[in-house]
Amino acid sequence: MTMDRENRTSLVGTRRSLLLSGAAFAAWAYLPKFARAADARDPRLIVVILRGALDGLATVAPTGDPDYAGLHGSIALSADGAHAAPMLDSFFAMHPAMPEFTRMYRDRKAAVVHAVATSYRERSHFDGQDVLESGHAGPGRVQSGWLNRAIEALPRGERVMSGLAVGPTTPLILRGAAPTVGWAPVNLPTAADDTAMRLMELYRHRDPALMNALGQGLQIDRIAVGDDMKAKPGGNANTAMRQIARGAAKLMAAADGPRIAALAFDGWDTHAQEGGRVGKLAQLLSGLDGALAEFESGLGAHWRDTVVVVATEFGRTARINGTDGTDHGTGTVALLAGGAVKGGRVIADWPGLKPVNLYQARDLAPTTDLRAILKGVLHDHLGLSERVLADTVFPDSAMVKPARGLVG
Amino acid sequence: LPAILPIPAGIESPFEEWSMARDPQAALVALNRFGFGARGGASGDLVNAASDPRGYVRAELMRPNGALLELPGLQPTPELGRAMFAYQDEVKAAREAAAKVAAMPPASDAMKPAEPMAMGQTTTTAQSDAPKPPPAPPNVVQTTFRNEALARIQRATITEGGFVERLVTFWSNHFCISASKGEPARIWAGSFEREAIRPHVLGRFADMLTAVEQHPAMLFFLDNQQSIGPDSRAGQNRKRGLNENLAREIMELHTLGVGGGYTQADVTTLAAIITGWTFVGRQGRLGPPGSFAFNGNAHQPGPQTLLGKSYDDTGVAQGEAALAELARHPSTAKFIARKFAAHFVADTPPQALVAKLEATFRSSDGDLRKLSMALLDADEAWQAPLGKMRTPYDYLIATNRLLGRIPDNPGAVLGGLNTLGQPLWTPAGPNGFADSNAAWAAPEGIKLRLDMAAQVSAKIADSIDARDLLEVMAGDAASIETRQTIARAETRQQALALLLMSPEFQRR
């Protein structure tokens with residue numbers, strides 16, 4: 001396939017940086033009905049999935065646990081020295097690459113949930129992500145995601161505007177019956193409308209699935225987007241995370257913009273040379289931190305009504321492996337940020353890091369079910385009933401009660 | 001909008017020869033499901049495939065060494081490794097020289113440090129009115145990647161039907177590495193496929209498995225060169241230990257499949273068994289730099305029990321024996337059979353087909369030529385509707401084939417793959433690219449395909465009649481609606497874009 005030199009350059013230069021970072025944004029194609037009612041809250045929810053398994057013990061370090069420094073060894077954080085980790089309380093320290101999150105935490109607009117995990121107890125990334133995103137208790141159910149089913153339970157208002165085109169694929173968390181839109185920065189001259197309409201007509205007769213896909217792709221491509229929505233050349237995963245967050249925030253700040261969205265960032269699988277205060281993971285966390293700051297500034301007045309949930313499929317081994325990294329584990333952290341978060345606290349039933357306390361003698365033991373956190377946010381922030389949450393959003397999860405009071 | 005009207009009988013097939021085709025629908029299966037689609041011009045692919053669809057595809061499997069890719073200029077992995085080490089040494093030397101210059105008292109204000117200074121040091125940023133240096137020529141890592149990519153793209157574009165090349169892409173994705181891991185992965189991405197995948201796509205699964213897991217590219221991609229037996233001499237001296245990344249993916253992704261009956265303890269055990277599997281570094285202590293080596297000093301000593309079977313410590317042979325067992329494990333046959341059928345036939349493949357493939361895999365001890373034959377022999381593989389989306393790679397290759405364009409530069413295809421979310425040899429994780437319609441028929445993906453089809457057509461359609469190309473591509477298998485949509489397009493450019501986006505071209 002031939003493109004002229006200019007476009008080829010821009011494609012190679014701009015798209016690659018984003019794709020390599022694996023960043024994608026997708027959102028519900030409708031406003032919740034309560035979004036526009038006079039005097040009502042206008043809540044916004046963003047779920048950020050970190051694919052590859054985030055090292056929770058490196059992100060929010062239990063420096064007060066006597067066993068932590070020994071286990072995390074060469075990559076352990078501490079509250080003194082160069083790149084000191086700021087203390088969140090008397091026990092936990094935040095990774096120094098996340099100053100924006102730390103500031104939000106101190107303003108009580110961000111919280112940490114520690115020793116948290118989904119219900120999945122094996123160690124496959126792909127099954128783990130399926131469980132995290134599908135909301136089912138086990139792997140193998142990939143028809144729809146919990147955020148899509150949550151959206152289906154909301155009263156549907158008007159369709160959102162869109163300067164959106166779904167990234168190469170919609171993440172599982174938002175896949176399902178409720179229509180979604182998405183966006184990824186790309187520069188490519190678009191085909192003429194007339195050609196697209198003729199193709200739609202052909203698909204209508206011959207290929208309804210492609211008609212639906214193209215129809216959505218066209219619809220969300222209509223609205224011209226500003227300069228900061230265009231892909232920029234160069235950059236790494238870090239800048240790509242910021243960039244996609246900036247674009248997402250711009251879309252979500254608009255009066256008719258999407259209210260509920262998901263992003264996925266790849267690259268957290270730090271098996272070797274993970275780095276401690278600086279290094280590979282620090283770079284990624286800095287990108288995530290930047291993305292949170294972009295949400296805050298881009299959403300402006302709406303930040304007040306926003307909750308951002310950051311979650312990953314599972315954690316990593318408590319003890320570093322033979323190559324200054326960590327292998328697949330279990331318990332990890334989830335982060336909450338946003339003006340609607342009742343923050344300034346680390347929510348944890350700390351299991352301890354003695355060998356006997358570790359899950360299978362190797363991982364941070366999970367003491368909080370991530371579904372409790374997600375249910376609590378959906379209940380308090382979007383008003384979903386406990387029953388819907390237990391039956392359809394997270395099927396067969398009645399025994400996992402929503403964690404109340406995270407939002408308000 | 002033009003309404004779709006039935007076309008009067010008699011004008012569907014203006015070319016006499018096409019109506020001689022015996023089975024146009026099966027020809028489309030032969031060319032699109034099993035290959036990269038018909039080549040344009042006077043190739044006669046559609047006619048040939050229609051006269052004997054099964055025989056047309058089977059013939060490819062009978063060509064000796066048909067999967068090998070050996071061209072002047074494509075170098076073996078160790079030579080590429082040496083070139084990379086030399087390049088890295090040059091970069092290092094240049095950086096050190098620049099740092100030395102920068103550290104000296106400024107002799108000239110036009111001097112500028114090439115690299116940021118060490119932490120805590122402030123740099124005096126020199127005025128840089130001096131003209132910018134010309135952009136550095138592409139380094140050996142980049143040029144190798146592009147040369148390898150070009151060789152692969154050209155082969156896929158010119159090959160007759162493409163079944164063997166499709167097998168290469170299937171197995172290469174099954175045993176994927178990702179060039180984004182670092183320079184070794186990027187420079188070896190092509191040689192990995194040429195050396196570990198191609199020789200075995202019509203050979204034995206067990207041989208491919210061993211070749212893959214001992215290839216420097218895979219050892220680097222999944223960190224095994226760093227994994228050290230805790231009780232080995234190196235482990236004792238250097239206080240280093242296991243990294244279980246490769247061991248886990250061998251069982252989860254390469255052989256048994258998740259749920260294939262292994263435990264965390266098996267993962268750790270396999271990691272111990274393959275400690276010492278590494279590649280030779282720049283000093284060449286263990287052999288030619290950039291080649292596979294077994295480092296006994298890093299190997300965890302002692303017997304190991306994997307999946308209930310005991311393996312004596314026979315050095316490198318301990319791991320080879322374990323891989324051989326994994327290759328013939330029933331879970332592997334099941335996992336591979338289903339994945340193979342899902343790739344070629346349907347996201348949810350007919351159970352009878354999967355059962356046939358699984359039985360063949362088991363009874364032949366993983367003979368991959370027989371596995372491919374079993375696929376071609378099965379009626380299910382020919383009767384299932386053409387419902388799979390072409391991947392972006394298939395789409396771009398099929399386009400070049402139909403348009404008769406053999407690229408002499410990989411840039412356009414590589415750029416297109418990036419745009420469509422399938423960057424060559426660069427999947428996001430060790431599970432490779434998705435192989436489902438959910439992945440490739442997503443709204444933005446389809447919209448981008450249309451934009452690219454329109455862009456290509458705008459450039460070249462002046463000399464092309466899409467109606468003729470439709471006959472070359474699908475002939476009597478084309479639907480009336482597609483035929484009419486193309487015939488009624490208002491420009492040649494529009495007609496070609498619509499042809500490239502038609503279900504007959506997008507589905508396989």
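Quick note: the coordinates plus some simple rules give every number you see, no bench work behind them. Not measured: the values here are computed from a predicted model. Note that each Cβ is placed from the backbone with ideal geometry, even for glycine, and that neighbours are counted across all protein chains shown.
Across the range A:132-140, coupling constants 3J(HN,Hα) worked out from phi with the 6.51/-1.76/1.60 Karplus curve, θ = phi - 60°, read 4, 8, 6, x, 7, 6, x, x, x Hz, and Gly and Pro carry x. DSSP bridge analysis restricted to the protein assembly as shown gives an antiparallel fraction near 65%, rounded to the nearest 5. Using the average count of surrounding beta-carbon atoms within 10 Å as a protection proxy, the listed peptides B:307-315, B:387-395 rank, highest first, as B:387-395, B:307-315. Are any of the pairs B:334/B:388; B:181/B:334; A:280/B:334; A:33/A:342; B:181/B:309; A:375/B:447 more than 28 Å apart by Cα-Cα distance, and if so, which? Going by Cα-Cα distance, B:181/B:334; A:280/B:334; B:181/B:309; A:375/B:447 fall outside the 28 Å limit. Close amide H pairs (under 5 Å, H built 1.01 Å from N) link residue A:323 with B:241, residues at least 5 positions away or on another chain. Each principal axis of the Cα cloud of the range A:63-153 was taken in turn, and the coordinate range along them, longest first, works out to 49, 32, 19 Å.
The mean count of C-beta atoms from other chains within 10 Å of the C-beta of residues in A:322-332, rounded to a whole number, is 5. So what's the angle, to the nearest 10 degrees on a 0 to 90 scale, between helix B:330-344 and the longest Cα principal axis of chain B? Between the helix axis and the principal axis of chain B, the angle is about 50 degrees.
Over chain B, all Cα pairs binned in 10 Å intervals from 0 give whole-percent P(r) values of 4, 17, 24, 22, 16, 10, 5, 1, 0, listed from short to long. Counting only other chain Cβ atoms within 10 Å of each residue's Cβ, the peptide B:451-461 averages 5. By the Kirkwood approach, averaging reciprocal distances over each pair of separate Cα atoms, the range B:380-508 gets a hydrodynamic radius of 15.5 Å.
Averaged over peptide B:479-490, the number of partner chain Cβ atoms lying within 10 Å of each residue's Cβ comes to 3.
At 10 °C and a viscosity of 1.306 mPa s, what translational diffusion coefficient does Stokes-Einstein give for the range A:70-122, taking Rh as the Kirkwood radius over Cα pairs? Give it in µm²/s as a whole number. Once the numbers are plugged in, D ends up at 124 µm²/s. With one equal scatterer per alpha carbon and no solvent term, the Debye-computed log10 I(q)/I(0) for the range B:324-445 at 0.18, 0.22 1/Å reads -1.04, -1.19. Scattering from the protein assembly as shown was approximated by placing one identical point on each alpha carbon and applying the Debye formula without solvent; log10 I(q)/I(0) at 0.08, 0.10, 0.11 1/Å stands at -0.78, -1.25, -1.49. Each 10 Å bin, from zero up to the one with the longest distance, holds this percent of the alpha carbon pairs of the range B:168-239: 21, 43, 24, 12, 1.
Available extension along the chain between residue A:401 and residue A:197 is 68.6 nm, counting 0.36 nm per residue and deducting the alpha carbon span. Ordered by the count of other Cβ atoms within 10 Å of each Cβ, fewest first, A:375, B:356 give B:356, A:375. Taking one quarter of the surface of the convex hull spanned by the alpha-carbon atoms of the range B:220-327 gives a direction-averaged projected area of 6.5 nm². Taking amide H positions as modeled 1.01 Å from N, with prolines and chain starts lacking one, the residues under 5 Å from residue B:277 and 5 or more places away or on another chain are B:295. By the beta-carbon count within 10 Å of each Cβ, the least crowded to most crowded order of A:89, A:324, A:55, fewest first, is A:89, A:324, A:55.
Net charge near residue A:150: determine it from the other residues with C-beta under 15 Å of the C-beta of residue A:150, scoring Lys and Arg +1 and Asp and Glu -1. Every neighbour counted, the sum reads +4. FRET efficiency for the residue B:467 to residue B:59 pair, using the beta carbon distance and R₀ = 41 Å, is estimated at 0.85. Between residue B:348 and residue A:280, the modelled labels are 3.9 nm apart [label points 7 Å from Cα along Cα→Cβ].
In summary, the lysines within cross-link reach of residue B:100, defined as a Cα separation below 22 angstrom excluding same-chain residues under 8 places away, comprise B:92, B:112, B:132. In percent, rounded to a whole number, the relative contact order of the range B:441-508 is 41, using alpha-carbon pairs under 8 Å and six or more apart. Over all other residues within a Cβ to Cβ distance under 15 Å of residue A:178, the charged ones net out to +3, with Lys and Arg as +1 and Asp and Glu as -1. Relative to one another, the C-alpha centroids of the range A:44-92 and the range B:383-418 are positioned 46 Å apart. Estimated from helices alone, the mean residue ellipticity of chain B at 222 nm is -15000 deg cm²/dmol (sum of -39500 (n - 2.57) over DSSP H runs with n ≥ 4, per residue). Could you give each residue of the range B:168-179 its phi-based ³J(HN,Hα) in whole Hz, using Karplus coefficients 6.51, -1.76, 1.60 with θ = phi - 60°, and x for Gly or Pro? Result, rounded to whole Hz: 4, 5, 4, 5, 5, 6, 4, 9, 6, 10, 10, 5.
Each distinct pair of alpha carbons in the range A:264-401 adds a 1/r term; the inverse of their mean, the Kirkwood radius, is 17.1 Å.
Taking other C-beta atoms within 10 Å as the exposure proxy, B:406, B:486 rank B:406, B:486 from fewest upward.
Per-residue 3J(HN,Hα) values for the range A:294-305, derived from phi via the Karplus relation 6.51 cos²θ - 1.76 cosθ + 1.60 with θ = phi - 60°, read 5, 4, 4, 6, x, 7, x, 5, 6, 4, 3, 9 Hz in sequence order (x marks Gly and Pro).
Amide H to amide H distances under 5 Å link residue A:316 with A:56, A:57, A:329, A:330, where only residues 5 or more positions off or on other chains count and H is placed in the peptide plane.
Note on the range B:422-466: Kirkwood hydrodynamic radius from all Cα pairs is 12.8 Å, rounded to one decimal.
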